[in-house]
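Engineer: Below you will find the structure I want to go over with you.
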Amino acid sequence: MTHVNDKRRFHPDGTPREDELPTDPAVPMEEGGPSAPAGEDAAVTQLRTDLATAQRRVDELARGIQDVMKDRDDFKARVNRERERLLEVEKGQVALALVETLDELDLALAAADDSPLAQGVRLVRDKLLQRLQAAGVERLRLLGRPYDPNLAEAVDVELVTSPQQNEQVLEEQRAAYALKGRVIRPGRVKVGRYVAPAKA
């Protein structure tokens, strides 16, 4: 029996040439050949996963930085508000001392004549009042107005027969002062209390 070998399709050692390997997709191929693209897909998938993880981490860090900056701004705002409040308290204490000095000058002038000394004291008193007004200190007008316990202390009560004068300030015994709308010293006043006349 005669065997015919086509030397064009085989190597001298009898193995088939590469270009003659079966091309049927059902035939399994050797490892290292067509499996390379599958390995590349796995690497790309891993890179995408790593990139998504890194992006989430960057977003978390960015949110953290924004929170820190917001907290810093809030802290600075609180510090500024506290500083302004302390300054206002300090100004109020200084203004209160000057107001009390103004009261003493008013008492001195109440019994003074028109002597040069009295005129000098009056000039100092007026200058001091101007400085206080320029700093935002104002004297509150209470006389003839309804009594407000936030502005003055009622140290005396007078019975009145007019309903319009009920709970009304009849006399200022000590002036009330405010600094930019905040009372730094309440006044002392006499308040009217209405009593209906007895029927005969």
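Engineer: Looking only at segment 164-194, which residues are farther than 28 Å from Glu90 by Cβ and exposed (fewer than 11 other Cβ atoms within 10 Å of the Cβ)?
Structural biologist: Gln164
Engineer: When you go through Glu172, Glu167 one by one, which is the residue that is over 34 Å from the mean Cα position of the chain (by Cα) and at positive phi? Full working, then the answer.
Structural biologist: Values: Glu172 fails: at positive phi.
Matching residue, one of Glu172, Glu167: Glu167.
Engineer: Which one is modelled with the lowest pLDDT, of the residues in segment 141-188 that are more than 30 Å from Leu87 (Cα to Cα) and among the β-branched types (Val, Ile, Thr)?
Structural biologist: Thr161
Engineer: Among the residues of segment 140-192, which ones are farther than 29 Å from Ala97 by Cβ and charged (D, E, K, R)?
Structural biologist: If the condition is that a residue be farther than 29 Å from Ala97 by Cβ and charged (D, E, K, R), then Glu158, Glu167 are the ones that fit.
For every residue, the table says whether it meets (1) more than 37 Å from the chain's Cα centre (by Cα); (2) at positive phi; (3) of a type in the set (A, V, I, L, M).
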| residue | (1), (2), (3) |
| --- | --- |
| Ala97 | no, no, yes |
| Val124 | yes, no, yes |
| Gly136 | no, yes, no |
| Ala154 | yes, no, yes |
| Val160 | yes, no, yes |
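Engineer: Scan Gly120, Gly92, Gly136 and give me the residue that is out of contact with any Asp or Glu (no Cβ under 7 Å at 6 or more places or on another chain) and in contact (Cβ under 8 Å) with a residue 60 or more places away in the chain. First the steps, then the outcome.
Structural biologist: Working: Gly120 fails: in contact (Cβ under 8 Å) with a residue 60 or more places away in the chain; Gly136 fails: in contact (Cβ under 8 Å) with a residue 60 or more places away in the chain.
Of Gly120, Gly92, Gly136, the one residue that is out of contact with any Asp or Glu (no Cβ under 7 Å at 6 or more places or on another chain) and in contact (Cβ under 8 Å) with a residue 60 or more places away in the chain is Gly92.
Engineer: Among the residues of segment 56-94, count how many are among the aliphatic types (A, V, I, L, M) and more than 30 Å from Ile184 (Cα to Cα). Can you show your working first?
Structural biologist: Step one: of segment 56-94, the residues among the aliphatic types (A, V, I, L, M) are 58, 61-62, 65, 68-69, 77, 79, 86-87, 89, 94.
Applying the additional criterion that residues be more than 30 Å from Ile184 (Cα to Cα) yields 58, 61-62, 65, 68-69.
So the answer is 6.
Engineer: Considering segment 163-200 alone, what residues qualify as being touching a Pro at 6+ places or on another chain (Cβ under 7 Å) and among the charged types (D, E, K, R)? Please lay out each step first, then the result.
Structural biologist: Of the residues in segment 163-200, the ones touching a Pro at 6+ places or on another chain (Cβ under 7 Å) are 167-168, 176, 194.
Within segment 163-200, Glu167 is the sole residue that qualifies.
The values are calculated or read from the model by the stated rules, or taken from the named source; none is laboratory data. Just so it is clear, the model here is predicted, and its values are computed rather than measured. A quick note on method: Cβ atoms are made from the backbone with ideal geometry, for glycine too, and the neighbour counts reach across all protein chains shown.
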